[in-house]
1. Take region 1-33 and flag every residue that is in contact with a strand residue (DSSP E or B) (Cβ under 6 Å, 6 or more places away or on another chain) and assigned to a helix (DSSP H, G or I).
2. What pairs come out if I take residues in region 2-18 that are closer than 11 Å to ILE103 by Cβ and pair them with residues that are small (Gly, Ala, Ser) and assigned to a loop (DSSP other than H, G, I, E, B) whose C-beta lies under 6 Å away, six or more apart or interchain?
3. Every residue in region 102-126 that is open to solvent by less than 60 Å² (accessible area, probe 1.4 Å) and free of Cβ contacts under 8 Å to residues at least 40 places away in the same chain, please.
4. Across region 75-101, what is the total count of residues that are surrounded by fewer than 19 Cβ atoms within 10 Å (Cβ to Cβ) and farther than 28 Å from LYS175 by Cα?
5. Restricting to region 63-101, and then to whatever is away from ligand 2 (no atom under 16 Å from the Cβ) and among the small types (Gly, Ala, Ser), can you tell me which residue is nearest to PRO154 (Cα to Cα)?
6. Suppose we keep only residues that are of a type in the set (Asp, Glu) and part of a helix (DSSP H, G or I) within region 113-171. Which one would you say is nearest to PHE35 (Cα to Cα)?
7. Take PRO76 and tell me if it is under 18 Å from ARG26 (Cβ atoms), touching a residue at least 12 places away in the same chain (Cβ under 8 Å) and assigned to a loop (DSSP other than H, G, I, E, B).
8. How about region 43-74: which of its residues are under 26 Å from ASN177 (Cα atoms) and open to solvent by less than 40 Å² (accessible area, probe 1.4 Å)?
Amino acid sequence: METNLTSVPTVETDLLRGQDIRHDIRTLKSVGELFEDREALAILPPDTPAYEVFSYLPVPEGTTGGLFYGITRIHPLLVGDEYMMTKGHFHAQTDRAEFYWGIRGEGILLMMDTRRHIRTERVSPGSLHYIPGGFAHRMINTGDTLFSFGACWPSDAGHDYETIAREGFPARIKKVNGTPRILKTE
Ligand code: S6P
Ligand code: ZN
């Protein structure tokens, strides 16, 4: 008996294509509050794309035992001297871990545990990063080109953005004398 092959998404370097792929674009307007220099922010067009996320969510959000897959592309932008970054989050189910890996460009992974201790890793094409449960995570584009990375996380992880929106991370990644510096703020 013959049966049809199921169509599947495709990964093309740092693009995800397919009928079940979700594509979200975050503009400067939606991430502007992350940045320290509000005067620098005010002179940039609010509809400027900051980063985009392609995601493949093959099971409903909250499913135990499933996996999600995503690719994020952070545009090379500076707000004052601060590099473009993702919002960053804890997982709502705090013990859920995640993998990130570098695909294109250069960046930094900033992680923070619940006692606000930070850990940073340099991200470049091919680098693999394990984010343990209980660590908030944010990616920063520290290069002059597009920075893309992949992600794989449990489908029941969920996202807690509120804690980061309220308390932030205790470090900012800025361009100082032409190079990225990790500046602790507490
Ligand atoms: C999801 C995973 C990524 C991020 C994406 C955007 O758990 O960590 O797919 O959602 O990189 O970052 P953020 O912090 O805006 O969700
Ligand atoms: Zn995550």
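1. LEU28, VAL31
2. Close Cβ pairs satisfying both conditions: none exist.
3. LEU109, MET111, ASP113, GLU121, VAL123, SER124
4. 6
5. GLY65
6. By that ranking, first place goes to GLU167.
7. Yes: the conditions hold for PRO76.
8. Correct list: THR48, ALA50, TYR51, ILE74.
The values are calculated or read from the model by the stated rules, or taken from the named source; none is laboratory data. Bear in mind that the values here come from a model prediction, so they are computed numbers and not experimental data. Neighbour counts run over all protein chains shown; Cβ positions are idealised from the backbone, glycine included. With ligands, DNA and RNA removed, areas are computed over all heavy atoms of the protein, side chains included. Shrake-Rupley method; radii C 1.70, N 1.55, O 1.52, S 1.80 Å.
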